Amino acid sequence: VSPRAGLIVKPVQPLSIYGNVSLAYLPRAGEQLASLSVTNRTLEPEKFTNYEMGAKWDLSPSLAFTTAVYRLDRGNVAVPDPLDATRSLLVDGQRSQGLELELVGAVTRRWSIAGGYAFQDGFLTRTLSATALQGAALAMLPRHAVSFWNKVVLTRQLEAGFGIIHRGDSFTSVDNSVRLPGYTKADAALFYNVTPRVRAQLNVDNVLDTVYFPMAHNNTNITPGTPRALRLSLTTRF
């Protein structure tokens, strides 16, 4: 049983306030049903309990501001039994909580935006192993993340876009021994309507050719970000 409940209240027409709670499960076989083993098949599935409250405010018919605060608790985490290495124990082990802000829509007839900010605090609520201690930060979870994209209509046929993405420092794993540095990168795009049904688009990823590391699988497997790259595409509508 995976119950969910929510409530939306509109004190005034342009404002909606909501709250919800949900309980979800992840089987031991994982999302791809590939990790089931003799050791873990008898264990209860991992449990995720999420609490969220937020609001949406329509600043205009075409521009909306949303905000949310949340807490996600992960339970039934399998850890080795300290008295018997052949057995596993289930413990409540992780918590993620934070704040999200978003502004999306058209500021004017020619200028549209999509921006957001997230504050995330994720940590282990108890010691899971010798390298996963209580209070350690979760992997790949920067405390601060910001994105902002603008698109401007220059003529009836030509549009231009420019955006900034920022991610703060994070750790490559829960042992918190290797830190991924924060980074800021810029992207840009040009859109040209060849005909009412055909559009050409030029994207420039990482305009400033920033050196950055967006993700890591573990402490020694770290992925560098793409250097400056150009991508030209042509799309049509039928």
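When Kirkwood radius over Cα pairs in Å is calculated directly from the model, which label among (1) 19.4; (2) 21.5; (3) 17.6 fits?
(2)
Which order do SER62, SER233 take by accessible area at a 1.4 Å probe, largest first?
SER62, SER233
What accessible area per residue, rounded to a whole number of Å², is obtained for the chain using a probe radius of 1.4 Å?
It amounts to 63 Å² per residue over the chain.
For Cα pairs less than 8 Å apart in space and 6+ apart in sequence, what is the mean separation divided by the residue count of the chain, i.e. the relative contact order in percent?
Answer for the chain is 10 percent.
When the Debye formula is applied to the Cα atoms of the stretch 159-238, each taken as the same point scatterer, what base-10 log of I(q)/I(0) results at q = 0.15 Å⁻¹?
Those come out to -0.65, one per q.
List the lysines whose Cα lies under 20 Å from the Cα of LYS56, skipping any in the same chain that are fewer than 8 positions away.
Hits, sequence-local ones excluded: LYS10.
Test of understanding: given the chain, find the longest segment containing no trypsin sites (Lys or Arg not before Pro) that are in a DSSP loop and have at most 10 other Cβ atoms within 10 Å.
So the longest stretch without any such site is 42-108.
Could you work out the relative contact order of the stretch 99-180? I mean the mean sequence separation of Cα pairs under 8 Å and 6+ apart, divided by the number of residues, in percent.
26
What is the percent carbon and sulfur in the accessible area of the stretch 182-228, measuring with a 1.4 Å probe over the protein chains and ignoring ligands?
Here it works out to 60 percent.
Place a point 7 Å from the Cα of ASP205 along the Cα-to-Cβ direction; which residues of the stretch 123-158 have their backbone N under 15 Å from it?
none
Toward the positive end of the charge dipole of the chain, about the Cα centre and with charges on Cβ (Lys, Arg +1; Asp, Glu -1), which of ASN218, LEU138, ASN193 goes farthest?
Towards the positive end, the residue furthest out is ASN193.
Using a Förster distance of 30 angstrom, determine the FRET efficiency expected from the C-beta separation of ASN193 and TYR18, and round it to 0.05.
After rounding to 0.05, the efficiency reads 0.20.
The values are calculated or read from the model by the stated rules, or taken from the named source; none is laboratory data. No experiment lies behind these values; they were computed from the predicted model shown. Virtual Cβ from ideal backbone geometry, glycine too; neighbours counted across all protein chains shown. To get the accessible areas, we keep the full protein, side chains included, count just its heavy atoms, and leave off ligands, DNA and RNA. Shrake-Rupley method; radii C 1.70, N 1.55, O 1.52, S 1.80 Å.
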